[in-house]
DNA sequence: GTCGATGACTGAACCGGTTCAGTCTCATGT
DNA sequence: ACATGAGACTGAACCGGTTCAGTCATCGAC
């Protein structure tokens, strides 16, 4: 109280315990080199003093970790705020990391290049121990860029094109087939997919599966059009599709936000959902349950997804060899926005 | 290439330039103590070597900063994913910080106590230089807790109850009055506010302003009921209100998510919006524009809000005296969800 | 009774920066 | 011609941990 409060250091503990700095370090880290009695005395003094390790000092020591991992989010700014996917992912990653005392750095970027620049800076300045790469693209430059950076990474997506980085992926193709069969069984013959940007790997995978399933089901029309995940673009695209001479009777969206926008546009154009148009969303957030009619959706546990990828990255940081993993299939949750075509 | 790649240090630069470590430090930081010629030579070598300062080392030096600030999010987990507010706020804070090379740490917490525990840990381990405190509560324990922590903070909310911390606040009362006058002018006499949790300061401020404005406008009924910001709770509350013998003819929600849920419940109960029920949302995200009818909302520039609070915290970290600030008023954006009561 | 092993602990180096107290050089003023 | 001072630069301490090479005492084995 006499002077300005200063964070206690291991030197303070050493003095109070009458031992050396090194002994304190051994005691606090549970390593051999001190007797059990001394260890307990030191721990008790540390706790009395309210000591906590200085993260910068730990990180600076040879072989030290900074105790943080990073995530860069790079999607159209206007969709970022709303898209539930990211916050859920972050929340999953975060809860997993909190358990082991690792922090999460978040950064938004405009494009892949500035995203890579962020990784470079993080590596050069030793800001994080590793990163999670999201939204894998076709010919994605990021895995290669990570190759020359001393920064461990785990990819969300794949398993192709990850450049040897461990990845966590989902078999979207199976879910796409399920959706097509479901809609075909309801009598739909003209289905259009309003997909995300063409250069995302999972977009391409879903598109391929969609075409194949549609052919097998003998649909009259099965196209994929691309939008940017934003509500605005999703709405615009829907408007164009519904204005066709022979409009589709079912629309499958690549995220919930665009599906919501599509629902709004249908209502605005006097197209009844589901009697004249069925709508399916990908990724099931509360949004889908809140609107009327409620949205049929493919539901994944995004939070669990985040936890898992955090675990994988933790494994990599601990020096383990981490294998690629597949998450459980998304489940189709039929709701009010899909139904048989009525005359 | 011969050996393992090692991050270049100022010592490497010093050797290459034939000067001492100290000289390199002066040169790199633009401080006096080296000649202009030497400075340029050092800078060029540094750039050739691809040098970047080690953040842990900088942080460890006396008076050093860790170059990161933290934000803890503490809201019901189920609303977190969707609520656009936070991601927009984060995005604003982030863009501002990126410009000055500061990173953002994000953490989710279950309650105020674990939130305070996070601040304590961050301070003790020197993880961040400062924090932004969101969602100020009545009798909030956080400002006081920060008082004994060597961790600068700026509060979003107030200006009362911030315990002397600088804050950024909005005059919500004026917006509430505007909404009440607007609805009264449309002929509404029974208005209910579906507010956020009672213990948030801005909730209380809005409630007080609401009661006063309602009295002045001579409304028949003006109540405030509380929900937890989640869509589920918003929907449940709406269902209860609309089932009343004399249901309200206008509902004012404290966030967009609950307004969306309310809209869904009205549709489900066969209550037409806006001819039988008007709905107003607080905080205008793309959601409000995407649903049909589109939601009348109070629009604030949340991203700018985030930028501003980041600037204030930066000021505090630079040792400036930072004064409380008020952000521009929210603007009422009338849309399809409000209108005159029809017979 | 000596040898060697084991365990407890110390002292110092190290990580990569920042900063302070000096030293040395050279131009300037008188 | 000589004190003065400014500018350029060096060497070392320091931040707060981790870790390694020793030192010393104790104990058991032969």
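Nothing in this text is a laboratory measurement; each read-out follows from the coordinates by a stated rule. Just so you know, these numbers come straight off a predicted model, no measurement behind them. In this analysis, Cβ positions are derived from the backbone assuming ideal geometry, glycine residues included, and neighbour counts consider all displayed protein chains.
A crude spin-label estimate for the pair residue B:16 and residue B:149, with each label 7 Å from Cα along the Cβ direction, gives 4.1 nm. Considering all different alpha carbon pairs of the stretch A:10-53, the Kirkwood hydrodynamic radius works out to 9.9 Å. On the beta carbon distance between residue B:243 and residue A:29, with R0 = 60 Å, the FRET formula returns roughly 0.45.
Of B:135, B:140, the sequence from fewest to most neighbouring Cβ atoms within 10 angstrom is B:140, B:135. Here the stretch A:4-43 and the stretch B:220-266 have alpha carbon centers that stand 58 Å from each other. Each residue of chain B gets 169 Å³ once the volume of the Cα convex hull is shared out per residue. This ranking places B:241, A:295 by how few other beta-carbon atoms lie within 10 Å of each, fewest first, which gives B:241, A:295. Could you tell me the calculated FRET efficiency between residue A:186 and residue B:228, based on Cβ-Cβ distance and R0 = 56 angstrom, to the nearest 0.05? The pair residue A:186/residue B:228 has a calculated efficiency of 0.95. Distances between copies of residue A:174, taken at a point 7 Å out from Cα along the Cα→Cβ vector and listed shortest first: 5.7 nm. In a Debye calculation with equal point scatterers on the alpha-carbon sites of the stretch B:225-300 and no solvent, what is log10 I(q)/I(0) at q = 0.26, 0.28 Å⁻¹? So the normalised log intensities are -1.29, -1.48.
In nanometers and ordered shortest first, the copy-to-copy spacing of the residue B:333 label point, defined 7 Å from Cα toward Cβ, is 2.7. With a/c under 1.5 counting as rounded, go ahead and sort the stretch A:172-299 into rounded, prolate or oblate using the C-alpha gyration tensor (a ≥ b ≥ c being the square roots of the eigenvalues; past the cut-off, prolate if a/b is larger than b/c, else oblate). Cα axes put the stretch A:172-299 in the rounded bin. Relative to the first principal axis of the alpha-carbon coordinates of chain A, what is the inclination of helix A:36-49, with its axis defined by its Cα atoms, in degrees from 0 to 90 and to the nearest 10? Here the helix axis deviates by roughly 70 degrees. Peptide A:55-64 has a mean shielding of 5, counted as Cβ atoms of other protein chains within 10 Å of each residue's Cβ. Computed over the alpha-carbon atoms, the stretch A:113-213 gives an Rg to Rh ratio of 1.13, Rh here being the Kirkwood radius from the mean inverse distance. So for the stretch B:282-337, considering every pair of alpha-carbon atoms, how many percent are separated by more than 17 Å? Looking at the stretch B:282-337, the distances longer than 17 Å represent 50 percent of pairs.
For the pair residue B:331 and residue B:100, the difference between a 0.36 nm per residue extended length and the Cα-Cα distance amounts to 80.1 nm.
Expressed to the nearest 5 percent, the antiparallel share of DSSP beta bridges inside the protein assembly as shown is 15 percent. Distances between equivalent label points of residue B:139 across the copies, with each point positioned 7 Å along Cα→Cβ, amount to 6.3 nm, shortest listed first. Using a cutoff of 8 angstrom between alpha carbon atoms and counting only pairs six or more residues apart, the relative contact order for the stretch A:20-122 works out to 23 percent. For chain A, the antiparallel share of DSSP beta bridges with both residues in that region comes to about 10%. Compared with the dominant principal axis of the Cα atoms in chain A, helix A:172-185 is inclined by about 30°.
Pop the C-beta distance of residue A:9 and residue B:321 into the FRET formula with R0 = 30 Å and round what comes out to the nearest 0.05. Using R0 = 30 Å, I get an efficiency of 0.45.
Ordering A:170, B:327, A:296 by the number of other Cβ atoms within 10 Å of each residue's own Cβ, fewest first, gives B:327, A:170, A:296. Rounded to the nearest 10 degrees, the angle from helix B:201-217 to the longest Cα principal axis of chain B is 30 degrees.
Per-residue ellipticity at 222 nm computed for chain B from its helices equals -13500 deg cm²/dmol, with DSSP H segments shorter than 4 residues left out and the rest contributing -39,500 (n - 2.57). One equal scatterer on each Cα of the protein assembly as shown, no solvent, Debye formula: the resulting log10 I(q)/I(0) at q = 0.08 Å⁻¹ is -0.70.
Multiplying each eigenvalue of the alpha-carbon gyration tensor of the stretch B:56-153 by 5 and taking the square root yields semi-axes of 23, 18, 11 Å, largest first, rounded to whole angstroms. Computed from the alpha carbon positions, the gyration tensor of the stretch B:197-256 leads to an equivalent ellipsoid with semi-axes of 19, 17, 8 Å, biggest first.
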